[in-house]
Amino acid sequence: MRPTLSLLKSGRSAWKGPFFVAFPNLKDALQNNVPIHTRARSCTILPNFVGIRFMVYNGKEYLPVIVTQDMVGHKLGEFSHTKKRFIYKQTKNK
Amino acid sequence: MHILGINLPDSHLTRFALTNFYGVGHKTAHRICARLQIHDRCKVKNLTPFQVTALSSFLSSPGTVPPIPRLPLASKSFVAPPPNTPVQPLLAKIEADQAARKPKSKAMEALSSLKIESELRREIRENIGHQRMIGSYVGKRHAMHLPVRGQNTQTNAKTARRLNKLERH
């Protein structure tokens, strides 16, 4: 039996490693503080993502996510909420 | 009988009474009994004072309890030392073997990392607090008293409404 990734606490096999998407502009984003627009919500946050600003798609728009040290091991999509609470707006002219 | 402030009913079997501890289920209770050599049909009132102290010392700090001394039987090829051998070096050798022995089985490791009662509650609280602090979906759902793992909320979700909160315990 292969060991599981205790660090990431996922059910994924250790030999596969964490799932992530290679961002070509990672270095540029870190130096110039340019946000990375992405739709890869299932990408695991790796230690070298810390400090980078992401704009993560929630199905409608790109929401800002600033990666901190505590977020390592979570997915990008966890921080870009897809649902909004319903708020009733009263129409004035009726 | 009370152990660490938890009531263990006298008429219950020990391995079921142990599940009164928060964080001890049937499997863990069985393991603890095996570790402390309490037999399967032993009721709480039949526990010896030694077993009671062993139980309470084990449950108060599962991580620091030394492993059970294991004294294996002699193998077939064992040749006894001559009768006039001094005892001290032999005892020293046995003690050295005991010290070198590391807990190998998974069950032992599971028990040494056992967390019960307030320690476990604190861990759960910290985990929820971590999720909330980093602003993840899980933390948000806890704060809203709603199910975390995608269950329906149109009806039901009663358990989540009751349990899911930031200060869970």
Expressed as a whole percentage, what fraction of the accessible surface of the protein assembly as shown belongs to carbon and sulfur atoms when a 1.4 Å probe is rolled over the protein heavy atoms?
56 percent
Provide the solvent-accessible area of B:Met144, counting protein heavy atoms only and rolling a 1.4 Å probe, rounded to the nearest 10 Å².
60 Å²
With +1 on the Cβ of every Lys and Arg and -1 on the Cβ of every Asp and Glu, the dipole magnitude of the stretch B:118-163 about its Cα centre, in debye rounded to the nearest 20, is 200 debye
I'd like the accessible area for B:Leu4: 1.4 Å probe, protein heavy atoms, all chains in place, Å² to the nearest 10.
90 Å²
Cross-link pairs beyond the 21 Å C-alpha cut-off, checked among B:Lys45/B:Lys115; A:Lys27/A:Lys60; B:Lys115/B:Lys158; A:Lys16/A:Lys75; A:Lys75/B:Lys115; A:Lys16/B:Lys115
B:Lys45/B:Lys115; A:Lys27/A:Lys60; B:Lys115/B:Lys158; A:Lys75/B:Lys115; A:Lys16/B:Lys115
Order by accessible surface, 1.4 Å probe, largest leading, for residues B:Thr155, B:Thr64, B:Thr14, A:Thr68 comes to B:Thr64, B:Thr155, A:Thr68, B:Thr14
Rg (one decimal) and Dmax (whole number) from the Cα set of the stretch B:118-163, in Å, equal 11.4, 35
At most 15 other Cβ atoms within 10 Å plus a DSSP loop assignment makes a site exposed; report the longest stretch of chain B without any exposed chymotrypsin sites (Phe, Trp or Tyr not before Pro).
B:79-169
Sequence-distant or interchain residues sharing an amide H contact under 5 Å with B:Lys43, placed H: which?
B:Thr14
Mean 1/r over distinct Cα pairs of chain A, inverted to a Kirkwood Rh in Å, yields 15.1 Å
Counting only protein chains, not ligands or nucleic acids, how are B:Lys43, A:Lys84, A:Lys16 ordered by accessible area (probe 1.4 Å), most first?
A:Lys84, A:Lys16, B:Lys43
I'd like the distance between the alpha-carbon centres of the stretch B:1-72 and the stretch A:33-94, rounded to an integer number of Å.
48 Å
For the pair A:Lys83 and B:Met133, what calculated FRET efficiency results from E = 1/(1 + (r/R0)^6), where r is the Cβ-Cβ distance and R0 = 25 Å, to the nearest 0.05?
0.75
Need one number: nm distance between label points at A:Leu26 and B:Thr159, each 7 Å from Cα along Cα→Cβ, rounded to one decimal.
3.9 nm
Counting all Cα-Cα pairs in chain B, those more than 28 Å apart amount in percent to 49 percent
Quote the accessible area belonging to B:Ser118 in square angstrom, nearest 10, computed with a 1.4 Å probe and with ligands, DNA and RNA left uncounted.
80 Å²
What accessible area per residue comes out for chain B, rounded to a whole number of Å², with a 1.4 Å probe?
69 Å²
How big is the antiparallel share of DSSP beta bridges in the protein assembly as shown, given as a percent to the nearest 5?
75 percent
About its Cα centre, how strong a charge dipole does the protein assembly as shown have in debye, to the nearest 20, once Lys and Arg get +1 and Asp and Glu get -1 at the Cβ?
1420 debye
Can you pull out the buried accessible area for chains A and B, both sides counted, probe 1.4 Å, rounded to the nearest 100 Å²?
800 Å²
Summing -39500 (n - 2.57) over every DSSP H run of at least 4 residues in chain B and dividing by its residue count gives a helix-only mean residue ellipticity at 222 nm, to the nearest 500 deg cm²/dmol, of -13000 deg cm²/dmol
Give the average, rounded to an integer, of partner chain Cβ atoms located within 10 angstrom of each Cβ in B:133-139.
6
If you rank B:Thr159, B:Thr153 by how much accessible surface each has, with a 1.4 Å probe, what is the order from largest down?
B:Thr159, B:Thr153
Quarter of the surface of the C-alpha convex hull for the protein assembly as shown, i.e. direction-averaged projected area in nm², equals 26.2 nm²
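The values are calculated or read from the model by the stated rules, or taken from the named source; none is laboratory data. On a predicted model such as this, the values are computed, not experimentally measured, just so you know. A quick note on method: Cβ atoms are made from the backbone with ideal geometry, for glycine too, and the neighbour counts reach across all protein chains shown. In case anyone asks, the SASA skips ligands and DNA or RNA and just uses the protein heavy atoms, side chains included. Shrake-Rupley method; radii C 1.70, N 1.55, O 1.52, S 1.80 Å.
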